[in-house]
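The values are calculated or read from the model by the stated rules, or taken from the named source; none is laboratory data. Nothing here was measured: the structure is a model prediction, and the numbers come from that model. Here the Cβ is made from the backbone with ideal geometry for all residues, glycine too, and neighbour counts use every protein chain on show. The protein model used for the area step is the full one, side chains on, heavy atoms only, and it has no ligands, DNA or RNA in it. Shrake-Rupley method; radii C 1.70, N 1.55, O 1.52, S 1.80 Å.
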Amino acid sequence: MSLGRLHLITDTRPGRDPLAVLRAALPVAGADLVVQVRVEDDATDREAYELACRVTEACRPYGARCLVNDRLHVALAVDAAGGHVGADDLPVAAARRVLGPDAVLGATAREPVSARAAVDAGASYLGVGPCHATTTKSGLPDPIGTEGIRAVAEAVSVPVIAIGGVTAATVPALRAAGAYGVAVVGALSLAADPAHATAELLRALTR
């Protein structure tokens with residue numbers, strides 16, 4: 001499975017414009033971009049659906065993939081490339097049954113045992129972290145650092161996507177630790193120039 005190395009997670013917090021960030025990133029990243037549609041917990045399914053529709057539409061001409069976090073029925077409804085499940089979402093095996101055998105299915109893991117279990121259950125890739133401290137999402141466990149990334153990457157054969165406080169400056173160490181790619185929220189949604197920030201992240205990923 002070919003998977004883009006830069007994962008952009010939509011930032012739908014008040015005052016953010018995820019579609020504007022996406023429109024800036026897509027021409028720069030093209031098929032190297034995977035967009036994970038993530039909405040706030042209190043967002044309605046209709047809101048998630050409407051955002052996911054617009055994201056999948058925007059991604060199509062560029063060959064970028066759209067995944068939907070948590071709400072797999074929305075992923076199916078918009079014909080997304082797949083979905084991503086976290087620790088409190090459907091178990092990976094159940095998510096795989098919902099999405100079918102060919103969809104991209106990401107799962108969240110922090111250490112080798114749960115990582116291997118997720119892959120055995122059908123995960124196509126793993127989101128691993130938080131690798132560094134982040135303020136994007138509250139209630140996260142302590143950062144696992146590059147050594148935590150390395151431990152998981154050495155334990156599984158699927159792509160490991162490092163997440164949590166990732167910047168272009170931290171990408172080389174994460175790649176050296178075995179990360180296939182990175183997932184970002186703030187590094188693009190808070191950037192003064194998201195297109196430039198996208199280019200910097202991609203340069204760091206392909207160095």
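The table below gives the values:
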{"read-out": "Pair residue 88, residue 102: separation of 7 Å Cα→Cβ label points (nm)", "value": "3.4 nm"}
{"read-out": "Spatial extent of the range 1-122: Rg and Dmax, with the Cα atoms as the point set, Å", "value": "14.0, 40"}
{"read-out": "Potential lengthening between residue 16 and residue 196 on full extension [0.36 nm per residue; Cα-Cα distance subtracted]", "value": "63.0 nm"}
{"read-out": "Estimated dipole of the range 1-150 in Debye, rounded to 20 [Cβ of Lys and Arg +1, of Asp and Glu -1, Cα centre]", "value": "360 debye"}
{"read-out": "Size of charge dipole - the range 52-94 - debye, nearest 20, with Cβ of Lys, Arg +1 and Asp, Glu -1, no other charges", "value": "200 debye"}
{"read-out": "Answer label for Cα extents along the principal axes in Å (calculated), chosen among (i) 62, 38, 32; (ii) 38, 37, 32; (iii) 56, 35, 35", "value": "(ii)"}
{"read-out": "Average Cα contact separation per residue, the chain, under 8 Å, 6 or more apart, as relative contact order %", "value": "19 percent"}
{"read-out": "From phi via Karplus (6.51, -1.76, 1.60), per-residue ³J(HN,Hα) for the range 104-115 in Hz, x at Gly/Pro", "value": "6, 10, x, 9, 8, 8, 10, 8, x, 5, 5, 5"}
{"read-out": "Rounded Å value of the spacing that divides the Cα centres of the range 134-207 and the range 51-68", "value": "21 Å"}
{"read-out": "By accessible area with a 1.4 Å probe, ligands and nucleic acids excluded, highest first: order of 49, 180, 125", "value": "49, 180, 125"}
{"read-out": "Heavy atoms of residue 120: accessible area, 1.4 Å probe, square angstrom to 10", "value": "130 Å²"}
{"read-out": "Calculated FRET value between residue 40 and residue 117, using beta carbons and R₀ = 25 Å, to 0.05", "value": "0.30"}
{"read-out": "Accessible surface of the range 24-159 [probe 1.4 Å, protein heavy atoms]: carbon and sulfur percent", "value": "49 percent"}
{"read-out": "Total charge dipole magnitude, the range 61-207, about the Cα centre, Cβ charges on Lys, Arg, Asp, Glu only, Debye to nearest 20", "value": "180 debye"}
{"read-out": "Built amide H within the under 5 Å cut-off of residue 84, gap 5+", "value": "68, 69, 70, 106"}
{"read-out": "Residues with amide H under 5 Å from that of residue 35, placed H, sequence gap 5 or more", "value": "8, 65, 66, 67"}
{"read-out": "Computed label-point distance, nm, for sites residue 73 and residue 154 using a 7 Å Cα→Cβ extension", "value": "4.3 nm"}
{"read-out": "Accessible area in square angstrom per residue, the chain, 1.4 angstrom probe", "value": "46 Å²"}
